[in-house]
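Colleague: There's a structure below that I have some questions on.
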């Protein structure tokens, strides 16, 4: 079935179908003429996705459900998250009603600390601690590792260390020409593009052998360019050197990364896979040793 009929059958837009393919949730066959031909299995999966999305389930959770051999257990995890969200929403509603009756801010602060903050994810806490682009950047880059809660004393300690680090670390001072180059590049990146980049990195970490095989030619061209004099004279190289020096001198690895590994179980798991990935990559391409950093 071709995409026009798929959209009608599944009640989805063309952009939605294309997005789910980009996310790796479906893999339609590509005909010689370039058109995608969707199988009955693709159609069923798209209908699954449509139902789950309308229930407010995230793409990450949908991927887990689709891959699970126990759908009921995977759905139960989503229901548990929803139950917590409902509980948090009810607590917020109660606090609003108290404020409507008696606009007592001190009382509201106490109520929030006792009844609402315990429901916040690490991501939500960081967005509140760092409103604006700074917090948004952190959540785009590390967001998929920040859906847990600060639910132990050890995690609370690590969270406070991260917040203190982020709040006091010196701003990177870019030369004017590099700052203009950086702003121009970021201006062309949409939030969804940054999320897609981060997702592709994680996919590579989770499937390094497949990634190396499927991208062999592009990787070799990239490494050849990275080792060239042309690249070492480019604004990108100069900017990366500044960022690397900043990370080495600011305590980024010792403070931020080490405490993030304590705070987030999923990031600690990712970090372990990352070390294996880097070793595999360096074993295959020794020239990458000092220039490739997935963190």
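The values are calculated or read from the model by the stated rules, or taken from the named source; none is laboratory data. Note that the structure is a prediction, hence the values are computed from the model and not measured. FYI the Cβ positions are ideal-geometry reconstructions off the backbone, even for glycines, and counts take in every protein chain you see.
Colleague: Among (1) closer than 24 Å to residue 269 by Cβ; (2) in contact with a helix residue (DSSP H, G or I) (Cβ under 6 Å, 6 or more places away or on another chain), there is one condition residue 91 misses while meeting the rest; what is its number?
Modeller: Unmet condition: (1).
Here is a yes/no grid of residues against (1) under 30 Å from residue 19 (Cβ atoms); (2) modelled with pLDDT of 90 or more:
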position	(1), (2)
104	no, yes
116	no, no
124	yes, no
127	yes, no
130	yes, no
158	no, yes
178	no, no
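Colleague: In the set 53, 36, 63, which member is within 18 Å of residue 11 (Cα to Cα) and surrounded by fewer than 17 Cβ atoms within 10 Å (Cβ to Cβ)?
Modeller: 53
Colleague: Condition check: on the phi < 0 side of the Ramachandran plot, touching a strand residue (DSSP E or B) at 6+ places or on another chain (Cβ under 7 Å) and surrounded by 15 or more Cβ atoms within 10 Å (Cβ to Cβ). Does residue 115 satisfy that? Please lay out each step first, then the result.
Modeller: Numbers: on the phi < 0 side of the Ramachandran plot: yes; touching a strand residue (DSSP E or B) at 6+ places or on another chain (Cβ under 7 Å): no; surrounded by 15 or more Cβ atoms within 10 Å (Cβ to Cβ): yes.
In short, no.
Colleague: Look through 217, 258 and report the one residue that is free of Cβ contacts under 8 Å to residues at least 12 places away in the same chain and closer than 28 Å to residue 157 by Cβ.
Modeller: 258
Colleague: Moving on to the next point. How about region 46-80: which of its residues are touching a residue at least 40 places away in the same chain (Cβ under 8 Å) and over 19 Å from residue 145 (Cα atoms)?
Modeller: 46, 50, 66 - these are the residues of region 46-80 that are touching a residue at least 40 places away in the same chain (Cβ under 8 Å) and over 19 Å from residue 145 (Cα atoms).
Colleague: Does residue 37 satisfy the criteria of being at negative phi, touching a strand residue (DSSP E or B) at 6+ places or on another chain (Cβ under 9 Å) and at pLDDT 90 or above?
Modeller: It is true that residue 37 is at negative phi, touching a strand residue (DSSP E or B) at 6+ places or on another chain (Cβ under 9 Å) and at pLDDT 90 or above.
Colleague: Something else now. So in region 144-154, with the set limited to residues that are closer than 25 Å to residue 58 by Cα and either touching a residue at least 60 places away in the same chain (Cβ under 8 Å) or not in a loop (DSSP other than H, G, I, E, B) (or both), which one is nearest to the chain's Cα centre (by Cα)?
Modeller: By that ranking, first place goes to 144.
Colleague: Sticking with this structure for a sec: Are any residues in region 244-257 within 11 Å of residue 162 (Cα to Cα) and buried (at least 16 other Cβ atoms within 10 Å of the Cβ), and if so, which ones?
Modeller: Those that are within 11 Å of residue 162 (Cα to Cα) and buried (at least 16 other Cβ atoms within 10 Å of the Cβ): 252, 255, 256.
Colleague: Has region 23-42 got at least one residue that is part of a helix (DSSP H, G or I) and over 16 Å from residue 6 (Cβ atoms)?
Modeller: No, region 23-42 has no match at all.
Colleague: From the set of residues in region 215-264 that are assigned to a loop (DSSP other than H, G, I, E, B) and more than 24 Å from the chain's Cα centre (by Cα), which is modelled with the lowest pLDDT?
Modeller: So the residue we want is 227.
Colleague: Still on this structure, please answer the following. Is it true that residue 93 is surrounded by fewer than 16 Cβ atoms within 10 Å (Cβ to Cβ), touching a residue at least 12 places away in the same chain (Cβ under 8 Å) and closer than 28 Å to residue 80 by Cβ?
Modeller: So residue 93 fails the test.
Colleague: Given the conditions (1) out of contact with any helix residue (DSSP H, G or I) (no Cβ under 8 Å at 6 or more places or on another chain); (2) under 20 Å from residue 258 (Cβ atoms), which single one is not true for residue 126?
Modeller: (1)
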